[in-house]
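Only one structure is covered here, and it is reproduced in the block below.
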Amino acid sequence: MMKYALKRILQLIPILFAITFLSFGMMRLAGSDVVEQKMLNTGAAVSQQVVENAKKELGLDKPFLVQYFTWLSNLLKGDMGNSYLSGKSVFDTFISKLPATLLLALVSIVLTIIISIPLGIVSAVYQNKVVDYIIRFFSFLGNSMPNFFVSLVLIYILAIKLKLFPVLSNSISVKTVVLPALTLAIAMSAKYLRQVRATVLDELSKDYILGAKARGVKYSTTLFKSVLRACMVTIITLLAISIGSLLGGTAIVESIFIWDGVGKLAVDSINMRDYPMIQAYVMWMAIIYVLVNLIADLSYRFLDPRIRLGVK
């Protein structure tokens, strides 16, 4: 297992190089840079000489490959550079945004588990009955609504009408995280609920369920000790995908609620062509997805010994 984990981690190295190179190149295809964006936003008329001097100071006057390999050599020395906008360390700025994103991801995942797993099991147990139809209806409804619409509905009902939560997240706290986390959880729960239901139905149709029933084993015991454990592989796979995207920041939701996480930071950086910050975000996303999926793969072995990890 350790050999398998090490192999997966080593695979991250070429992936990181490829992703950073592609992202570096794609941002240059945008046709503008941070200097031009600053001038455009301020609306101030400046001479071409001032613009060229500003680009030279940031190294933007050099060819693309020179810029990339300069950044890469500095990265290998442990220097991620400074933000073009604030002039502050990219690493320090990025790390300062992580707590907000981690809190949002954690609360969203907890809410998703609380909503989707019990409702998915209930929907499967009461298949084609009134309860099942009601749960499936709300599942389809939640799945069809985009996050920005859900967030606006929650703001109107819970923040403006009922005044239970603040409209905007002007600070990082348990109270301010509820609305953005609930927005994410509703969308994820709608997808997961259907997957949980399908997996439970598949398990309930297997022979060992009939055998347990014939031996007089309580239905609830079979359901929670056997069926639920068998479904955990599917559930963990879904959670791994979501955790990766959540830890990378959910740009739309964070922007709507002014949630000061890495997703909002990435959007602001892309809008202003802050290349060093964008590269840090891209690296973070690649590392998170590889590590989260590695942890999910390793957990399969404990949940289902029949699953092999591709090692001898």
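The values are calculated or read from the model by the stated rules, or taken from the named source; none is laboratory data. This is a predicted model, so every value here is computed, not measured. Methodologically, a virtual Cβ is constructed for each residue, glycine included, from the backbone with ideal geometry; neighbour enumeration extends over all protein chains shown. Note: areas computed on protein heavy atoms with side chains; ligands, DNA, RNA excluded. Shrake-Rupley method; radii C 1.70, N 1.55, O 1.52, S 1.80 Å.
Quick check on I241: is it touching a helix residue (DSSP H, G or I) at 6+ places or on another chain (Cβ under 9 Å), over 25 Å from V34 (Cβ atoms), open to solvent by less than 20 Å² (accessible area, probe 1.4 Å) and in a helix (DSSP H, G or I)? So I241 does not fit the description; no. The condition (being surrounded by fewer than 16 Cβ atoms within 10 Å (Cβ to Cβ), at pLDDT below 75 and in a helix (DSSP H, G or I)) is satisfied by just one residue among V35, V50: V50. Which members of the range 153-182 meet the condition of being farther than 17 Å from S108 by Cα, assigned to a helix (DSSP H, G or I) and either in contact with a Gly (Cβ under 8 Å, 6 or more places away or on another chain) or open to solvent by 40 Å² or more (accessible area, probe 1.4 Å) (or both)? Within the range 153-182, V153, Y156, I157, I160, K161 meet the criteria. Only one of the listed residues (A100, A105, A124) is farther than 30 Å from Y281 by Cα and open to solvent by less than 70 Å² (accessible area, probe 1.4 Å). That residue is A124.
Okay, residues lined up against (1) modelled with pLDDT under 85; (2) in a helix (DSSP H, G or I); (3) among the hydroxyl-bearing types (S, T, Y); (4) within 13 Å of T250 (Cβ to Cβ):
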{"position": "L75", "(1), (2), (3), (4)": "yes, yes, no, no"}
{"position": "F94", "(1), (2), (3), (4)": "no, yes, no, no"}
{"position": "V107", "(1), (2), (3), (4)": "no, yes, no, yes"}
{"position": "V110", "(1), (2), (3), (4)": "no, yes, no, no"}
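Cβ-Cβ distances below 7 Å connect the following pairs, each with a first residue in the range 94-123 that is of a type outside the set (G, A, S), a second residue that is open to solvent by less than 50 Å² (accessible area, probe 1.4 Å) and not in a helix (DSSP H, G or I), and a separation of six or more residues or different chains: K97/G261; T101/G249; T101/G261; L104/W259; L104/G261. Against the numbered list (1) within 19 Å of the chain's Cα centre (by Cα); (2) among the hydroxyl-bearing types (S, T, Y); (3) open to solvent by 20 Å² or more (accessible area, probe 1.4 Å), T112 comes up short only at (3). Summed over the range 251-304, the residues that are more than 25 Å from G59 (Cβ to Cβ) and among the basic types (K, R) give a count of 2. Of the residues making up the range 187-216, those that are part of a helix (DSSP H, G or I) and open to solvent by 50 Å² or more (accessible area, probe 1.4 Å) number 10. In the condition set (1) without any contact (Cβ under 8 Å) to a residue 12 or more places away in the chain; (2) in contact with a Gly (Cβ under 9 Å, 6 or more places away or on another chain), V130 is compliant with all but (2).
Considering only residues of the range 135-152 that are more than 20 Å from the chain's Cα centre (by Cα) and open to solvent by less than 90 Å² (accessible area, probe 1.4 Å), which is nearest to K191 (Cα to Cα)? Among them, the one singled out is S139. In the range 247-262 there is no residue matching the filter, namely being surrounded by fewer than 16 Cβ atoms within 10 Å (Cβ to Cβ), without any contact (Cβ under 8 Å) to a residue 12 or more places away in the chain and not charged (D, E, K, R).
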